[in-house]
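Asker: Pasting a structure below so you can have a look.
The values are calculated or read from the model by the stated rules, or taken from the named source; none is laboratory data. Fair warning: this is a prediction, and the values are worked out from it, not measured in the lab. Counting neighbours? That spans all protein chains shown, and the Cβs are built from the backbone with ideal geometry, glycine included. Side chains are part of the model used for accessible areas, which takes the heavy atoms of the whole protein and leaves out ligands, DNA and RNA. Shrake-Rupley method; radii C 1.70, N 1.55, O 1.52, S 1.80 Å.
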Amino acid sequence: MKYRQIERRISKAVNVGGITIGAGAPISIQSMTTTQTADVKATLEQINRLAEAGCDLVRVAVATKQDAAALSEIVAASPVPIIADVHFNFERALEAIRAGAHKIRLNPGTISDRQAVRTIIEACKDAHIPIRVGVNEGSVIYRFNQVRREKQFARPLDEIMVEAIEEYLEIFHECNFSDLVLSAKSHDAATTIAVNRELARRYDYPLHLGLTHAGTVRTGSVRSICAVATLLAEGIGDTIRISLAGDPVEEVALAKELLAALRLREPEEVEIIACPTCGRTTADVAAIADQLRQALVDIKQHITVAVMGCVVNGPGEAGQVDVALCCGKNNASIFREGKFVRTVPMEKVIDEMITEVRKVADSRKVRK
Ligand code: SF4
């Protein structure tokens, strides 16, 4: 069976410390540290945890001179490229560039002085690093005020965000600077979708997708996935961040699941799917799936495993995945690479499934 592949919008390519964003490159996953950047040890610990979880690029806040001073040590020791997030003081951007940051994020709402922006652009040109122009709902207040003065009430937020980016980009175009990534984030999913559709229509810069102040894990996940998945399914988006109030490592796990679900990125791990169960099963499908996930975490290959509660969809699903389990009353049937292998008693399903998944992993290693 052949699943549909999403056709992606092709943008310009932007290089961030060796990671390509745009031009059809794999969609990269970003997150942001929550530590005080000046605390080098804590920040590097979090960066290492994020990188281990599969984060491709990490952004750090550069709010103070001390943060900027810490950056060179952080950049040198980080396993992934580092993006400096700068607001209000353009000097912090210059210090971050000198410290070796691989990209600078600027917000039109917080650094708007044209000469200051030009100075940052020239420094980025000299350092050969890109800039993300990132508009956030909370920081386009200045445009709201302008729109109000012009008595254009009830204008949709997405239009105002596009205008804010358009106006800011004039400075970059005057400086002949096109090494840019754009983003526009609202906490509202529909607004984020609308603004990014318009940016994709107007510009050929790569787009960074995400929401701002999306919420804690449950609310933030649902809001983010509504917006980011809708855009990705339309082919829009080159790098993503799922913003959650909480441990940023959660953001990376969610982003990986999202990209895998849309077949935009093949996971380098065992992917376990499970049926939702119903009155036909007597097995604890969720517990079996969880135990398998934990037991197979060391395998860094994309192997698909299905845990099915009964034979209704089980044999059909077995043909689509590498290893499948169809639970029965007291025993379960195991399939490997579409073929029935054997029936095992329920108490042995975990061990037997682990054996079969490891056989697939070993055979692929040999084939490589
Ligand atoms: S596979 Fe079987 S147990 Fe699972 S949801 Fe479908 S019918 Fe129910």
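Asker: Search the stretch 271-284 for residues that are free of Cβ contacts under 8 Å to residues at least 60 places away in the same chain and pair each with any residue that is assigned to a loop (DSSP other than H, G, I, E, B) and open to solvent by less than 50 Å² (accessible area, probe 1.4 Å) when their beta-carbon atoms are under 6 Å apart and the residues are at least 6 apart or on different chains.
Answerer: CYS275/GLY309; THR277/GLY309; ARG280/CYS310; THR281/GLY309; THR281/CYS310
Asker: Still on this structure, I have one more. ASP284 passes all but one of (1) surrounded by fewer than 18 Cβ atoms within 10 Å (Cβ to Cβ); (2) away from the ligand (no atom under 16 Å from the Cβ); which number fails?
Answerer: (2) is the only condition that ASP284 fails.
Asker: While we're here: For the stretch 321-337, which residues satisfy the criterion of being open to solvent by 40 Å² or more (accessible area, probe 1.4 Å) and either without any contact (Cβ under 8 Å) to a residue 40 or more places away in the chain or within 17 Å of GLN301 (Cβ to Cβ) (or both)?
Answerer: ASN330, ASN331, ARG336, GLU337
Asker: Restricting attention to the stretch 260-274, which residues are open to solvent by less than 50 Å² (accessible area, probe 1.4 Å) and more than 25 Å from ILE288 (Cβ to Cβ)?
Answerer: Within the stretch 260-274, LEU262, LEU264 qualify.
Asker: Moving to a separate point now. For the stretch 290-357, which fully contained strands (runs of 3 or more DSSP E) count at least 2 residues that are within 13 Å of the ligand (Cβ to nearest atom), in contact with a Ser or Thr (Cβ under 8 Å, 6 or more places away or on another chain) and more than 12 Å from VAL270 (Cβ to Cβ)?
Answerer: It comes to 323-327, 331-336.
Per-residue answers, yes or no, for (1) more than 30 Å from HIS213 (Cβ to Cβ); (2) of a type in the set (A, V, I, L, M):
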{"residue": "ASP247", "(1), (2)": "no, no"}
{"residue": "GLU251", "(1), (2)": "no, no"}
{"residue": "THR277", "(1), (2)": "yes, no"}
{"residue": "GLN291", "(1), (2)": "yes, no"}
{"residue": "ALA306", "(1), (2)": "yes, yes"}
{"residue": "VAL311", "(1), (2)": "yes, yes"}
{"residue": "VAL321", "(1), (2)": "yes, yes"}
{"residue": "GLU337", "(1), (2)": "yes, no"}
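Asker: Scan the stretch 261-313 for residues that are of a type in the set (Asp, Glu) and under 20 Å from ILE334 (Cβ atoms) and jot them down.
Answerer: Within the stretch 261-313, GLU271, ASP284, ASP290 meet the criteria.
Table: residues versus (1) closer than 24 Å to ILE350 by Cα; (2) in contact with a strand residue (DSSP E or B) (Cβ under 7 Å, 6 or more places away or on another chain); (3) at pLDDT 90 or above.
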site	(1), (2), (3)
ARG223	no, no, yes
THR230	no, no, yes
ALA255	no, yes, yes
CYS275	yes, yes, yes
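Asker: Considering ALA227, ALA200, which residue is in a helix (DSSP H, G or I) and over 15 Å from the mean Cα position of the chain (by Cα)?
Answerer: Matching residue, one of ALA227, ALA200: ALA200.
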